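First up is the structure itself, then whatever we jot down about it.
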Amino acid sequence: GALGSGGAPPAVGGKAEAEVPQGAGAAADDGGSEVGENVGDEAPDEGRKRKAAPAAWHDPDDAALEVDLTARNRMQKLRRSEGETTVTGEEYERRLREQFVKLHGHARWAEEAVKPRRAAQDDSSDGEEEIGTSAKLVGQAPVGEGALPPIDIKMTRRKDLPMDDNAKRGPALIQALQFHPRSELLLSAGFDKRLRLYAVDGEENPKVSSHFFKKFPIKEASFTPDGDQVLITGRGYEMWGLDVRTGTALSIKPLAAQAHKLFHGLAVGPDPADQPGLRAASMYSVLGDSGAVVLCDAATKHQIRTFRMAAAGVAAVFSPSKDSLFTADEACNIYEWDLGSGRCVQKAKDPWATQITTLALRRTSQYSPTPVLAVGTASGNIDLFDLGNQTLPKEPTRSVPNLVTAVSSLAFHHSGELLAAASLDKKDSLKLVHMGAGSVFAEW
């Protein structure tokens with residue numbers, strides 16, 4: 001069984017609530033009663049201008065505050081010379097702002113949001129006031145924006161995550177890696193029987209918690225669609241779960257009529273926020289023996305139904321736009337299952353593949369109007385099937401042959417413009433595919 005966690009449980013929302021100091025509530029009540037009395041006694045003059053309120057982020061105590069720049073390693077970059085050790089609170093704030101601009105640039109969206117509001121206030125006409133906002137107006141076409149260019153892609157490398165917490169044996173091979181669907185959490189797991197959660201901010205990337213599962217090498221791990229739990233599979237038929245909020249380990253025993261020796265090919269439903277109302281958003285599936293696909297409820301962990309393929313299963317993926325599940329078997333057959341009726345809607349064979357290794361399905365967005373099924377093969381080819389007609393084509397719409405070893409993992413970017421493909425059989429074998437052009441980026 002699980003021995004519990006080695007750290008404090010994280011907050012899924014990624015935000016912390018500040019405690020209200022004693023006396024603050026009373027002060028707020030007193031201020032509110034004074035305002036009420038002023039309003040009741042007399043009305044303000046029309047020509048009188050309101051006194052500008054001080055900025056909420058301005059604190060007069062910052063001038064008397066002294067900050068030690070040598071107290072923490074990440075504050076060393078704010079020093080101007082080796083002999084400088086302390087600065088005032090105002091100077092510390094100014095240097096933090098300068099450091100933010102160096103890393104992220106100016107927040108132009110915040111500056112532009114003020115302009116429409118000021119223009120509306122200066123206008124003396126009776127027309128509607130335009131509210132300043134960083135969001136685009138409804139129905140307004142994006143100006144100066146376009147699809148991702150296929151020539152090259154610019155990226156900035158951030159600080160690596162501290163994976164090695166076992167100094168005697170060293171780091172273990174990472175078997176599972178996934179971002180939380182709604183926060184900055186990132187999970188990693190491997191055969192060292194540990195599941196780690198990190199708060200990825202790009203700067204410090206601190207480890208939030210570490211959970212050890214005794215006698216259970218972790219093969220696969222994935223967040224549930226709502227992100228409240230983590231589902232874990234190993235080298236056998238046992239499964240475990242982890243409550244992200246409390247850090248409590250949960251034993252999962254699917255109630256299946258058939259006794260399975262191995263559960264693998266873990267797949268979870270789509271994010272409920274992307275397509276509200278889908279039943280698949282509360283489900284997950286695992287592949288069992290003899291081509292069985294076990295569909296389970298994510299809340300109760302009970303089996304809903306079992307699908308049966310013609311050969312042993314190799315991969316599964318949920319559709320992000322409808323209640324269906326795509327699976328593949330060792331005979332290169334691709335199936336689509338209706339989650340409501342439990343029937344096989346369609347079945348097709350990939351004629352260009354000798355063996356299918358993994359599946360990924362692209363969601364529709366502004367620059368990806370049709371869903372695309374990506375099929376990774378043992379030869380390194382990535383076959384792309386366009387599902388715009390709701391049917392599987394007899395042949396792949398396009399094939400990307402840039403990998404030379406078996407494709408072990410596929411993942412689409414949330415916008416659908418980018419596909420990441422990797423292979424474990426060759427060092428540094430990672431490709432980024434531009435979906436519009438069907439080609440890989442040169443520097444990748």
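Add +1 for every Lys or Arg and -1 for every Asp or Glu among the other residues with Cβ under 12 Å from the Cβ of Arg74, and state the total.
Numbers: positive: Arg72, Lys77, Arg79, Lys159; negative: Asp201, Glu203, Glu204.
Counting the neighbours of Arg74, the net charge comes to +1.
Please compute the net charge surrounding His302, taking Lys and Arg as +1 and Asp and Glu as -1 over other residues with Cβ under 15 Å from its Cβ. Please list the in-between numbers first.
Details: positive: Lys253, Arg279, Lys301, Arg305; negative: Asp297.
With Lys, Arg at +1 and Asp, Glu at -1, the neighbours total +3.
Take the alpha carbon gyration tensor of segment 262-406, find the square roots of its eigenvalues, order them as a ≥ b ≥ c, and report rounded if a/c is under 1.5; if not, report prolate when a/b exceeds b/c, else oblate. Intermediate results must be reported in sequence, preceding the final value.
Values: a/c = 1.78, a/b = 1.21, b/c = 1.47.
Judged from the Cα gyration tensor, segment 262-406 comes out oblate (a/c at least 1.5, b/c at or above a/b).
Using amide H atoms built in the peptide plane, which far-off residues or other-chain residues are under 5 Å from Arg398 H to H?
Amide H to amide H, under 5 Å and 5 or more residues apart or across chains, Arg398 pairs with Leu384.
Full extension from Ser290 to Thr248: what is 0.36 nm times the residue separation minus their Cα-Cα distance, to one decimal in nm?
On the way: separation 42, 0.36 × 42 = 15.12 nm, distance 3.29 nm.
The span from Ser290 to Thr248 would gain 11.8 nm if fully extended.
Tell me the Kirkwood hydrodynamic radius of segment 240-337 in angstroms, computed as one over the mean inverse distance between distinct C-alpha pairs.
Working: mean 1/r = 0.0713 Å⁻¹.
Final number for the Kirkwood radius of segment 240-337 is 14.0 Å.
Probe radius 1.4 Å, ligands and nucleic acids ignored: give me the carbon and sulfur share of the accessible area of segment 160-252 as a rounded percent. Kindly include the intermediate steps, with their values, before the conclusion.
Working: 2240 of 4440 Å².
Roughly 50 percent, rounded to a whole number.
Regarding segment 160-252, what are the three Cα extents along the principal axes, ordered largest first, in Å?
39, 36, 19
Per residue, what volume in Å³ does the Cα convex hull of segment 381-421 take up?
So the per-residue hull volume is 89 Å³.
7 Å from Cα along Cα→Cβ at both Asn402 and Trp444: what's the point-to-point distance in nm?
Between Asn402 and Trp444, the label points sit 0.7 nm apart.
Determine the gain in length on full extension of the stretch Leu65-Lys215; use 0.36 nm per residue of separation and subtract their C-alpha separation, reporting nm with one decimal.
Values: separation 150, 0.36 × 150 = 54.00 nm, distance 5.22 nm.
The Leu65-Lys215 span can extend by a further 48.8 nm.
With a cut-off of 8 Å between alpha carbons and a minimum separation of six or more residues, what is the relative contact order of segment 160-252 in percent? Let's see the in-between values first.
Working: 194 pairs, mean separation 17.6, N = 93.
That works out to 19 percent.
For Asp228, project a label point 7 Å along Cα to C-beta. Then give me every residue of segment 278-305 with its amide nitrogen under 20 Å of that point.
278-285, 296-304
The values are calculated or read from the model by the stated rules, or taken from the named source; none is laboratory data. Since the structure is predicted, the reported quantities are computational estimates derived from the model, not experimental observations. Quick reminder, even Gly has a Cβ in these numbers, built from the backbone with ideal geometry, and neighbours come from all protein chains shown. Accessible surface areas use protein heavy atoms only, side chains included; no ligands, DNA or RNA. Shrake-Rupley method; radii C 1.70, N 1.55, O 1.52, S 1.80 Å.
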